[in-house]
Amino acid sequence: RERERERRKEGRRRMAIGKRAGIPTTCGSSSRLSSSLAASTPARERGRKKQGNSRRWSTSPSPSSSVQRGLGAKEVETIREEFPILKEVVHSNKPLIYLDNAATSQKPLDVLKVMEEYYNEYNSNVHRGVHALSAKATDRYEEAREKVARFVGAGSSREIVFTRNASEAINLVAYTWGLQNLKEGDEVVLSVAEHHSNIVPWQLISRQTKCVLKYVYLDPETQMLDMNQMESAITEKTKLVTVGHVSNVLGCVNPVEEIVQLARRRGAKVLLDACQSVPHMPVDFEKLQVDFAVCSGHKMCAPTGIGFLWGRMDLLQELPPFMGGGEMIQDVYEDHSTFAMPPGKFEAGTPAICEAIGLGAACDYLDKIGMQRVEDFEHEMGTYMYEELVKNIEGIKIYGPNPKQAPRAALAAFNVEGLHATDMSMILDQYGIAIRSGHHCTQPLHHYLGINATARASLYLYNTKEEVDQFVQKLKETIEFFR
């Protein structure tokens, strides 16, 4: 009885703390409380208290901050052992060579294991029960949020909003911040190289608000973003600049810090599409000083169906809800409702619990390797692939900057004179080589370049030079077949 009285007393105390912190205690339960209270603690502060946290926040060196640069051949072979799908054989007898990583990455055993554990050991809804399974599921779900926050340099895990993907995250900003702040005559600046996910939502918002979309084009010499045009495009009428960090076709790395400075001079906000950067290089959203950033999990070793929005807390607090339903409320009455604090306000209904836990495991996995080492390795591999293609493939046109002249992602979108991208991709598939063809959700860019489609090979931390050699050789044979 004494223990029961103490338990109830502790529960009342924590609920009182929760109310003062703005954590809802209805349409949920005390199992949400411990995680929500933890989530309200600045993530950097927790990173200093816990051992084994991200190298970005740890006060002592971690394995990922090793002096060693890049990844050695033996280490890459070890990494490959952690991705079961890389052992697959396709078309009866062709070992898989997977070069479609800009579309989606493969998943390591660490991620697959935690997702299986969730369904086998503690499958339960989060934030909605006091029983053991619900408490464990809630803890793991919120721990995943903290891992994501550490991985991208967020000041608090409360700045991380889980979404289905980056497209939903951009739509969230568009239909909350956009509808709240944009009006007729206001301008949204974006580049012609944006993914459709960072174009279509703003077109829809433009129809409703009569705001104007202004596009920035490429420097014809480098096929990188024309920063002189960017500076001219941002005016007193500009309310938002929304750009990709890395182009999924050109491979160029946009100068985010410079773009932010230009936007700040005019009082404009900046949204960063980080889908092609966060999986491949160290990224710290706070240091970049953007206002919003989005990313999808499936490109960074995590499952599909999970992505996230990062936003400055002062902005997230000002935004209205994106969707209504359970979980995102504080209190519901017959004629009105009050809403939870971020991130709960934007996460209506049962979330993708298992997928979020998988995303957290992916962050752990990549941090264990070290993102600077991943970036160094991919720069070496990307440069090697670029040079081998130019040297060996007659009539090839690779879009984007030369990697010796400017930073470039480890991908090559290309065409070969006289051949269609899809034909090349189909023949390469018969050799077991997976690349992608089409417009890669960048039709405005392809129209600007005067082409209908490109073939694209994209690398990740588990690809090898031998695979690149095979790709180049089989591409050469494919071209000879058609000619």
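Using a 10 Å cut-off on Cβ atoms, rank the peptides 290-296, 310-316 from the highest mean neighbour count down.
Values: 290-296: 27.1, 310-316: 19.7.
Put in order of decreasing packing, that is 290-296, 310-316.
Quick one: work out Rg over Rh on the C-alpha atoms of the stretch 151-199, Rh as Kirkwood radius. Walk me through the numbers before you get to the answer.
On the way: Rg = 13.2 Å, Rh = 12.9 Å.
Radius of gyration over Kirkwood radius for the stretch 151-199 works out to 1.02.
Could you give me the radius of gyration and the Dmax of the stretch 162-238, taking only the C-alpha atoms into account and expressing both in angstrom?
Both quantities, over Cα of the stretch 162-238: 13.4, 39 Å.
For a quick check: with amide H placed at 1.01 Å from N, whose amide H comes under 5 Å from Ile329's, ignoring anything fewer than 5 positions away on the same chain?
For Ile329, the qualifying residues are Ala340.
Between Asp469 and Lys94, what length comes free when the chain is fully extended (0.36 nm per residue of separation minus the Cα-Cα distance, one decimal in nm)?
133.4 nm
Taking Lys94 as the anchor, which aspartates and glutamates have their alpha carbon closer than 14 Å to its alpha carbon, excluding any fewer than eight residues away along the same chain?
Result set, ordered by chain and number: Asp429, Glu467.
Which percent of the accessible heavy-atom area of the stretch 213-347 goes to carbon and sulfur, probe 1.4 angstrom?
Details: 2440 of 5110 Å².
Carbon plus sulfur share of accessible area: 48 percent.
Separation between the Lys287 and Met227 pseudo-spin-labels, each 7 Å from Cα along Cα→Cβ, expressed in nm?
1.8 nm
Subtracting the Cα-Cα distance from 0.36 nm times the residue separation, let me have the gained length for Ser337 to Glu116 in nm, one decimal.
Here the segment from Ser337 to Glu116 would lengthen by 75.8 nm.
Principal axes first, then extents: for the Cα atoms of the stretch 386-468, list largest minus smallest coordinate on each axis, whole Å, largest first.
Rounded to whole Å, the extents work out to 34, 34, 25 Å.
Could you go through the stretch 91-103 in sequence order and give the Karplus-derived ³J(HN,Hα) for each residue, using 6.51 cos²θ - 1.76 cosθ + 1.60 with θ = phi - 60°, rounded to whole Hz, and x for Gly and Pro?
Here the 3J(HN,Hα) series is 6, 6, 9, 9, x, 5, 10, 9, 10, 10, 6, 6, 7 Hz.
Given 10 Å bins starting at zero, what is the percent of C-alpha pairs of the stretch 333-483 in each, up to the one with the largest pair distance?
For the stretch 333-483, the binned pair fractions read 9, 30, 26, 18, 10, 5, 2, 0 percent.
Over the stretch 332-483, with the other protein chains present, what is the accessible area per residue in square angstrom, probe 1.4 angstrom?
Heavy-atom SASA per residue in the stretch 332-483 reads 42 Å².
For Lys239, give me every one of the aspartates and glutamates with a C-alpha distance below 19 angstrom, ignoring sequence neighbours fewer than eight places off in its own chain.
Within the straight-line limit of under 19 Å, Lys239 reaches these aspartates and glutamates: Glu184, Asp186, Glu187, Glu194, Glu231, Glu257, Glu258, Asp273, Asp291, Asp314, Glu318.
Enter the Cα centre distance for the pair the stretch 376-392 and the stretch 117-161, rounded to the nearest angstrom.
Each part reduced to its Cα centre gives a spacing of 39 Å.
Could you calculate the contour length gain from Gln405 to Leu213, that is, 0.36 nm times the residue separation minus the distance between their Cα atoms, to one decimal place in nm? Don't skip to the answer; put the middle values down first.
Working: separation 192, 0.36 × 192 = 69.12 nm, distance 3.08 nm.
Difference between extended and current length: 66.0 nm.
Dimensions of the chain along principal axes (Cα, Å, largest first)?
Principal-axis extents of the chain (Cα, largest first): 84, 54, 41 Å.
Net charge near Pro321: determine it from the other residues with C-beta under 13 Å of the C-beta of Pro321, scoring Lys and Arg +1 and Asp and Glu -1.
So the environment of Pro321 carries a net charge of -2.
Give the residue list of trypsin sites (Lys or Arg not before Pro) in the stretch 343-422 that are DSSP loop and have at most 12 other beta-carbon atoms within 10 angstrom.
Filter output for the stretch 343-422: Lys404.
What distance in nm lies between label points placed 7 Å from Cα along the C-beta direction at Glu75 and His447?
Result for the modelled spin labels: 4.5 nm.
Can you sort Arg158, Arg456 by solvent-accessible area, 1.4 Å probe, largest first?
Arg158, Arg456
Would you please give the residues with an amide H less than 5 Å from that of Ala453, counting only those at least 5 places away or on a separate chain, with H modeled from the backbone geometry?
Under 5 Å from the amide H of Ala453 lies no amide H from a residue far enough along the sequence or on another chain.
Here is the link list: Lys107/Lys404; Lys74/Lys397; Lys147/Lys397; Lys287/Lys368; Lys136/Lys368. Which ones come out longer than 29 Å on Cα distance?
The answer is Lys107/Lys404; Lys74/Lys397; Lys147/Lys397.
The values are calculated or read from the model by the stated rules, or taken from the named source; none is laboratory data. Keep in mind that this is a model prediction, so the values were computed, not measured. Cβ: placed from backbone, ideal geometry, glycine included. Neighbour counts: every protein chain shown. For accessibility, only protein heavy atoms count, side chains too; no ligands or nucleic acids. Shrake-Rupley method; radii C 1.70, N 1.55, O 1.52, S 1.80 Å.
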